[in-house]
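S.K.: The following block contains the structure, expressed as structure tokens.
The values are calculated or read from the model by the stated rules, or taken from the named source; none is laboratory data. Keep in mind it's a predicted model, so treat the numbers as computed, not measured. Glycine gets a Cβ as well: all are built from the backbone with ideal geometry, and neighbour counts include every protein chain shown.
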Amino acid sequence: MASASRIASAASLVCPIAPLARAFFARDPRRVARELLGKILVRQDDSVRLTARIVELEAYLGESDPAAHAAAGRTARNAVLFGPPGYAYVYFIYGNHYCLNVSCEREGKAGGVLFRALEPLEGVAEMARARDVTIASPKDLLKLTRGPGRLSEAFGITRLRDNGGDLTSQGSGLWIGDDGYRSRQICMTARIGITKAADRRLRYFLRGNAFVSGSRLASK
DNA sequence: ATATCGATTATCT
DNA sequence: GATAATCGATATG
């Protein structure tokens, strides 16, 4: 136990969680994605706190990126991407799923980072209830937050509730924090599930982490 | 008013 | 590994 606690683990909190500053997000989405690995997504309700470590992200650039929702210019749907940095862009996809992004760059310049996978830390029972899954073995934890649609469901993220929310403010109920965890090896591959600009390597994940989505390139 | 298309997941073989 | 399910946003008439 003594040796295990000396090793920084992705599966436990290192220190109290401090919210990230807005300036963190006011940069190129590639840089933001890389540096968000190992940070923590927090859902704070009246009573419950859900926390999970960010282990996989994708960068979506502005109007120069054909795969980005911002590619065709500003619309009512993607307006948050064109707004100030550090806000939640939540969209609905495939008739079933919500996906969470954080806006990047300065106001007026689009850019965002998609949350693709988390490793649960606190509130596993609540996440399991939200996902309607039973945790019978450690590998069932993967059903909670592996994949962008799953993590959103586990955290109760919807467009109505969270789109436009401030991810740098604890008062918003959904925010991103730093507990001092230092991520080790970072891998980059092509983004998943897109057809346009499918060759660009803008997917970032923590090497070897079991919660990373995708079957083949997850642990390289 | 209607048609098309997903930054996905669950459930098969 | 293949595919059905599902519906809001968007484009077009």
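S.K.: Evaluate the range A:124-145: report whether one residue or more is buried (at least 18 other Cβ atoms within 10 Å of the Cβ) and on the phi > 0 side of the Ramachandran plot.
M.R.: For the range A:124-145, residues buried (at least 18 other Cβ atoms within 10 Å of the Cβ) and on the phi > 0 side of the Ramachandran plot: absent.
S.K.: Now, a different point. Is it the case that the range A:156-172 has a residue that's in contact (Cβ under 8 Å) with a residue 60 or more places away in the chain, over 12 Å from A:F211 (Cα atoms) and touching a His at 6+ places or on another chain (Cβ under 8 Å)?
M.R.: Within the range A:156-172 (the criterion being in contact (Cβ under 8 Å) with a residue 60 or more places away in the chain, over 12 Å from A:F211 (Cα atoms) and touching a His at 6+ places or on another chain (Cβ under 8 Å)), the answer is no, since none of the residues qualifies.
S.K.: Collect the residues in the range A:95-130 that are without any contact (Cβ under 8 Å) to a residue 40 or more places away in the chain and either assigned to a strand (DSSP E or B) or not charged (D, E, K, R) (or both), keeping them in residue-number order.
M.R.: Selection gives A:G95, A:G108, A:V124, A:A125, A:A128, A:A130.
S.K.: For A:V90, are the conditions met, namely being crowded, with 18+ Cβ neighbours inside 10 Å, among the β-branched types (V, I, T) and under 16 Å from A:F25 (Cα atoms)?
M.R.: no
S.K.: If you don't mind, another one. Determine, yes or no, whether A:F205 is crowded, with 17+ Cβ neighbours inside 10 Å and in contact with a helix residue (DSSP H, G or I) (Cβ under 7 Å, 6 or more places away or on another chain).
M.R.: Spelling it out, it is not the case that A:F205 is crowded, with 17+ Cβ neighbours inside 10 Å and in contact with a helix residue (DSSP H, G or I) (Cβ under 7 Å, 6 or more places away or on another chain).
S.K.: Considering the range A:63-92 alone, what residues qualify as being part of a loop (DSSP other than H, G, I, E, B) and away from DNA strand C (no atom under 11 Å from the Cβ)?
M.R.: Once the filter is applied, which keeps residues that are part of a loop (DSSP other than H, G, I, E, B) and away from DNA strand C (no atom under 11 Å from the Cβ), the range A:63-92 yields A:E63, A:S64, A:D65, A:P66, A:A67, A:A68, A:G83, A:P84, A:P85, A:G86.
S.K.: Right, next: Just checking, how many residues over the range A:145-182 are within 18 Å of A:K39 (Cα to Cα), within 14 Å of DNA strand B (Cβ to nearest atom) and part of a helix (DSSP H, G or I)?
M.R.: The qualifying residues number 5.
S.K.: Tell me the residue from A:R150, A:R161, A:R116, A:R146 that is within 16 Å of DNA strand C (Cβ to nearest atom) and touching a Ser or Thr at 6+ places or on another chain (Cβ under 7 Å), please.
M.R.: Just a single option satisfies the conditions, and that option is A:R146.
S.K.: Could you list all residues from the range A:75-86 that are out of contact with any strand residue (DSSP E or B) (no Cβ under 6 Å at 6 or more places or on another chain) and within 13 Å of DNA strand B (Cβ to nearest atom)?
M.R.: Scanning the range A:75-86 gives A:T75, A:R77, A:N78, A:A79, A:F82.
S.K.: Now for a separate question. Out of the range A:87-112, which residues are within 12 Å of DNA strand B (Cβ to nearest atom), closer than 22 Å to A:L20 by Cα and out of contact with any Lys or Arg (no Cβ under 7 Å at 6 or more places or on another chain)?
M.R.: A:A88, A:Y89, A:C99, A:L100, A:N101, A:V102, A:S103, A:A110, A:G111, A:G112 - these are the residues of the range A:87-112 that are within 12 Å of DNA strand B (Cβ to nearest atom), closer than 22 Å to A:L20 by Cα and out of contact with any Lys or Arg (no Cβ under 7 Å at 6 or more places or on another chain).
S.K.: Among the numbered criteria (1) among the β-branched types (V, I, T); (2) in a loop (DSSP other than H, G, I, E, B); (3) under 19 Å from the mean Cα position of the chain (by Cα), which single criterion is violated by A:V42?
M.R.: Among (1) among the β-branched types (V, I, T); (2) in a loop (DSSP other than H, G, I, E, B); (3) under 19 Å from the mean Cα position of the chain (by Cα), the lone unmet condition for A:V42 is (2).
S.K.: Go through the residues of the range A:45-52 one by one and say whether even a single one is buried (at least 20 other Cβ atoms within 10 Å of the Cβ), of a type in the set (G, A, S), modelled with pLDDT of 95 or more and touching a Pro at 6+ places or on another chain (Cβ under 6 Å).
M.R.: There is at least one residue in the range A:45-52 that is buried (at least 20 other Cβ atoms within 10 Å of the Cβ), of a type in the set (G, A, S), modelled with pLDDT of 95 or more and touching a Pro at 6+ places or on another chain (Cβ under 6 Å).
S.K.: Looking at A:G123, A:G108, A:G95 in this structure, which one is away from DNA strand C (no atom under 14 Å from the Cβ) and out of contact with any strand residue (DSSP E or B) (no Cβ under 6 Å at 6 or more places or on another chain)?
M.R.: A:G108
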